[in-house]
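Let me begin by presenting the structure, written as structure tokens, before commenting on it.
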Amino acid sequence: MNVKKIERALVELLADQVRQTTFGGCALIALVGAALWFSFPSAQVAGWVLTGFLVAVPRYFIINRMKNRLLPDDSHLSLEFGTAVALFISGLHWGAAAWLFLDTSNAQGFALVCGSILGVIAAALAIYSTRPLICCLFTATVFSIAALKLALLESWTLAIMCLIMLPPYAMASRTLGRRIEKSITQDFRNAELLEEVRATKDALEKSSREKSLFMAATSHDLRQPLHAQSMILQIMSNRAQGTEFGDLVDKMMISNDALIALFNSLLEVSQLDAGTIKVHTSHHSLLETANLIVDEFQETASQKGLTLEVDCSECVIYSDPILIMRILRNLVSNAIKFTDTGFVRLKVTEQGSEVEVSICDSGIGIPRSDQETIFTEYTQLGNPSRDRRKGIGLGLALVRRMCELLDHQIRLDSTPGEGSCFYLQLPAGDPDKIMKPTKETVPNFIRDLDIMIIDDEQPILEAMNTLFLDWSCRTKTFTTVHEACTTIKELDYHPDLIISDYRLGGEENGIEAIEKIHQLLNEEVPAIIISGDTDPRLLEKIHNEDFYLLHKPVRIDKLRKVIGSVLNYRNYR
């Protein structure tokens, strides 16, 4: 704690109090003068009153000027000295009242002067005790002159009482001054603590931003080759079916899918950070969702020798079907990862206006001390070797954050060695309000399209070109928007679809590229942006532009669905 700052604050507070009481003091002097006017010579009274004004008013402006001219690094001693001199002169003025108007033959005037002096002393104790020595200087000056006058009048008792009152006043001033100093010290401590909290908060925010930027940059750089690899493997998988290389390619696809799953977990965190995940609630069947999840994980559970059970009647919930699917997928996937023998059970129980979904397993269980920790990002229990097949510790963190987004309650009941149960409370829905899907006849394949592809990575362009050729589409690939615009002008080229990477090298990006092409064609051609970025701010920017965004690496089936969606093939949505 800086002692000089506290001392300065006390002096400045005293100076402010001296200034603020100036005109109140002048009013008191005028009232006392008026009361004494008919008891003492008018010239004497008028002189005392006028002297008081001449002392008080200049004091106000002098102290005000001294305080305002005091720079932050200047010493406060000059202001303190000036304030002490001002109060000493004020003490002399009130002492003069005792010297001039204390008269034992005039009982009324005597009582009035004594009462006025005692009132001024009491006020000084309350107002000027921020600096006890200066307050005592004022009090001692007044009492000393009054005691001398009373001694001359041979009122020895009153004179002695004036002197005896000095020590108690000094002690009272000291006690009050310490309390004021303690209060100001506490204010400074609070200000310092607040500044430390702000500094810590800024440091944490900076660290979080740097982490997000690092994750985004790393993710982008890794997703680029992974995207090309994924496209090539999927093309190879389609071509290798029924050949001797089919099994080998399938194994490569399994490893590739595991890597994609890890990246997608990071992406979901970024989407939640960016706030780009929007909630779209509807009345829908929970049984259909549960069956889809069981179908997806049945083979994985069987390979581990686990029984994947579902106990769900036909019931309807009111929530976001996509987010509920993600939550249940993560919970079931997590249960299978950490269960070696026994079962994983998804059970649904209707409870009036709510539906409870429980995902239970016979796995390793979770100690009570860790049951809150597991919902934090990058936290894993029972995986000291960081086995990548068990993920990177984001599954349950994503579950909690999506539950918070949906305002759904989730709780955990677990016993080490016996297993775990996650309970999810969902609002019940209305069966009569379920949207019935409409059947439409649509093409099974996307073919005969002119597709413009813009990406600054040549391997990705080659893989995309090969893919669309397999789909009987015509493609033109470009590494810059300038090349694309030049081709449009020279060949009068008019694509049916634009697919662009977000980062195109230099200052170019996919949003600007698509907008330039739209302006050149004078038409908003359907467009898709593919990006390897996970920076929350970038995701939000792309989302706000209303372009369809795909994240690298892109699966072929997902790409087909999105192309169908942007071309208004509804069953591909």
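The values are calculated or read from the model by the stated rules, or taken from the named source; none is laboratory data. Keep in mind that this is a model prediction, so the values were computed, not measured. Note that each Cβ is placed from the backbone with ideal geometry, even for glycine, and that neighbours are counted across all protein chains shown.
Within segment 310-330, count every residue that is modelled with pLDDT of 90 or more and either of a type in the set (Ser, Thr, Tyr) or in contact with a Phe, Trp or Tyr (Cβ under 7 Å, 6 or more places away or on another chain) (or both). Looking only at that region, the number is 2.
When Ala290 is tested against (1) under 37 Å from the mean Cα position of the chain (by Cα); (2) in a strand (DSSP E or B); (3) not charged (D, E, K, R), exactly one condition is not met: (2).
The residue of segment 154-178 that is surrounded by the fewest Cβ atoms within 10 Å (Cβ to Cβ), among those that are of a type in the set (Ser, Thr, Tyr) and farther than 9 Å from Ser129 by Cα, is Thr157. Checking each residue in segment 30-44 for being without any contact (Cβ under 8 Å) to a residue 40 or more places away in the chain and in a helix (DSSP H, G or I) picks out Ala30, Leu31, Gly33, Ala34, Ser42, Ala43. How many residues are more than 30 Å from Ala122 (Cβ to Cβ) and either at pLDDT 85 or above or surrounded by 12 or more Cβ atoms within 10 Å (Cβ to Cβ) (or both) when one looks only at segment 179-212? Qualifying residue count, segment 179-212: 14. Of all residue pairs spaced 6 or more apart or on separate chains, those with beta-carbon atoms under 8 Å, a first member in segment 123-145 that is hydrophobic (A, V, I, L, M, F, W, C) and a second member that is not in a helix (DSSP H, G or I) are Ala123/Thr21; Ile127/Thr21; Ile134/Tyr128; Cys135/Tyr128; Cys135/Ser129; Phe138/Tyr128; Phe143/Met165. Can you tell me which residue within segment 298-322, out of those that are in contact with a Leu (Cβ under 6 Å, 6 or more places away or on another chain) and part of a helix (DSSP H, G or I), is surrounded by the most Cβ atoms within 10 Å (Cβ to Cβ)? Only one residue fits best here, namely Ala301. When you scan segment 6-29, do you find a residue that is outside any helix (DSSP H, G or I) and within 17 Å of Leu102 (Cα to Cα), even just one? Checking segment 6-29: not a single residue is outside any helix (DSSP H, G or I) and within 17 Å of Leu102 (Cα to Cα).
Within segment 545-568, residues that are outside the structural domain of Val525 (by TED's automatic domain parsing) and over 12 Å from Ile528 (Cβ atoms) have Cβ atoms under 6 Å from residues that are in a helix (DSSP H, G or I) and among the polar types (S, T, N, Q) in no pair, counting only partners at least 6 apart in sequence or on another chain.
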